[in-house]
Amino acid sequence: MGGEERNMPVYLKNKHKISLSMSIRYLLLTAGLFITVMPMFYMLISSLRDNKSTFSYPPKLFTSLDKMTFENFGYILNNGNFYRYFTNTLFVAFMTVLISAVISSLLAYSFARFRFPGKNILYSMIISVMVIPGLAMIIPQFEMAVKFNLVDNLWGVILFYSAWVTPFSTFLLKGYIEDNIPKELDEAIYMDGGSVFTVYRHVMIPMASPAIAAVSILNFLFPFEELGWSQTILKSDEIRTLPVAITMFFQAHNRTDWGYVFAMTGLSMIPVIIFYLLLQKYFISGLSSGSIKG
Amino acid sequence: MISIVKKKSTRKTDWRVYILLIPGLLFVATFTFYPIVKMLVMSFFNWRIGYQQVSDFVGLANYKDVLSDQIARRALMNTVAYAVVTVPLQMIFGLFVAVLINGIKKFSISFRLAYYLPVITSWVVVALLFRYIFNNQGLLNYFLTDVLKVVNEPIGWLSTRWSAIFVAMLLGIWKGIGWNMVIFLAALQSVPKEYYEAASLDGLNNRQQFFYITLPSIRGTILFALVMLSIGAFNTYTPIAVLTGGNPAHQTEVVLTWMYFQTFNAMGKMGYSAALSIIIAAVIMLVTVLMFITLSRKKED
């Protein structure tokens, strides 16, 4: 990335100091990496070992190559509803990303560019929703879900997740639009006879795409980790998402079948990692303005 | 010229903005504003659900119940302790990693991706992983008893209050470093390099540059991270639910796990749970507002 080099502190350009301070940096970063990645590595290793040996003592950090097995993965894929959980979660994730991207970009555009009565009050109301944990509203939300027939229905999680993540997405997108999209572009579209919709489609969406990508990464992850609400309304097995399914599986297996559990968790991580890798180049630039302004 | 100004002002109150605005507002209002108001109402009633149930107005009785409840107070204490420890530590570590990554030339993207890995891993997954590692017969106890021989008996990490909260804190910090790293990296990259040039001409060393230039320049981001992480810390549910389930004997409950338990396991205490939720929300709002006031006051100094 060119940006990183441009912003390099000056002392790094001082050639005499480079080698020592650089090697200390790499050393510290590698040491930190060890702590960060070690538990994940341990999970991977445990998922590749015979399930019975994952609960034996002493535990092993390493495993010889010839003892590695994909048995646990086979078990998870061949027994139970893993494909259903997986596709359910993907569906919920894509829908949550889509709905919240549309709604929050519309809200962000309106709040960033227009004046209308009650604007400040409305915006502060939306922002203060960020402060209240989605799970804290569980009782009235559950009543609503019952009324709208959303219990045991994937839309029950999709709609509420989208609503929970929208305030933060709106906040980041509004900051991004204000800082990074010049008003002159809007003006030019209006001069050409375009409407607010033209501006939204041809200026906001393309220009704000780094920020939309950044919030989408966060929103995509949400259905892969939310447990409280999903376990409340997704009652039957074939409708469950991965966090619920994994927790249920763990409890149903006497909390000891770690090999199976880690095969399941490992597989569940794949979509999020792919999604992140695809969009990661936008991540920092997309997050920057909203978070810098504070 | 006049016509342009006129055109501008008519567009500012363009009715079409409502078409952009109303779907989103309706959506957010239905799924968040309405439940919040409903919850506030419920917290003043002995709320019952079911066909033709009549709920009695009980005033502040639910709030009294919550505030006099030993477990609720303990849960709040645990949550506050979790927030006070995890928020500053993950910010410090995250900023440290961001400064290191910002100063290297090669592999900066690889490091960034690797440090971000725990963030994009689900809470359920990492909590299970920590449960496995901190198990009585787990990897950590094995190292402490049989390899390093610093303790004789395996430690029951997840079976006493503070040791379990400690594990939850470690998990929170470990998972949060990457998020802070990304946020601070974005902030560091927007600090104008001229500042550093001027500073090194003035003879400031690296540490002085960090304290006199970097920190003041990223103050907005620090406030942002502080607020977001505090909200997140009070929002903690999954790590505790998976690590301990609030056990033993509700010793390790945080506010949301206790609220959830009261709602679904101790049926008929809907009013209590609603009051608890309102108290949680009020506490978070108070903390957020206090942070804004103190930090913006410091800015003026």
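Things to note:
- Here A:Asn149 meets each of (1) crowded, with 22+ Cβ neighbours inside 10 Å; (2) outside any helix (DSSP H, G or I) with one exception, condition (1).
- Residue list for region A:35-67, restricted to those being part of a helix (DSSP H, G or I), more than 10 Å from every other protein chain (Cβ to nearest Cβ) and small (Gly, Ala, Ser): A:Ser47, A:Ser53
- Any hit, region A:228-238, residues being more than 7 Å from chain B (Cβ to nearest Cβ), in a helix (DSSP H, G or I) and in contact with a His (Cβ under 9 Å, 6 or more places away or on another chain): no
- All positions within region A:263-287 that are surrounded by 22 or more Cβ atoms within 10 Å (Cβ to Cβ) and within 16 Å of A:Asn81 (Cα to Cα): A:Ala263, A:Met264, A:Thr265, A:Ser268
- Taking the criterion of being of a type outside the set (A, V, I, L, M, F, W, C), farther than 23 Å from B:Leu89 by Cα and part of a helix (DSSP H, G or I), the residues of region B:195-249 that qualify are B:Tyr195, B:Tyr196, B:Glu197, B:Ser200.
- A:Phe116 being in contact (Cβ under 8 Å) with a residue 40 or more places away in the chain and farther than 24 Å from B:Tyr237 by Cα: no
- Test set (1) among the β-branched types (Val, Ile, Thr); (2) buried (at least 18 other Cβ atoms within 10 Å of the Cβ); (3) under 27 Å from B:Val287 (Cβ atoms) - B:Ile133 fails condition number: (3)
- Among the residues examined, A:Leu107 qualifies as farther than 25 Å from B:Val287 by Cβ, in a helix (DSSP H, G or I) and within 11 Å of chain B (Cβ to nearest Cβ).
- As a summary of the residue check, A:Tyr123 satisfies the conditions (1) hydroxyl-bearing (Ser, Thr, Tyr); (2) under 30 Å from B:Asn141 (Cβ atoms); (3) within 14 Å of another protein chain (Cβ to nearest Cβ) except for the one numbered (2).
- Of the listed requirements (1) without any contact (Cβ under 8 Å) to a residue 12 or more places away in the chain; (2) in a helix (DSSP H, G or I), A:Phe222 misses just one: (1).
Taken together, the values in this text are just the output of simple stated rules run on the coordinates, not laboratory data. Just so it is clear, the structure is predicted and the values come from calculations on it, not from any experiment. All Cβ positions, even for glycine, are placed from backbone atoms using ideal geometry, and neighbour counts span all protein chains on display.
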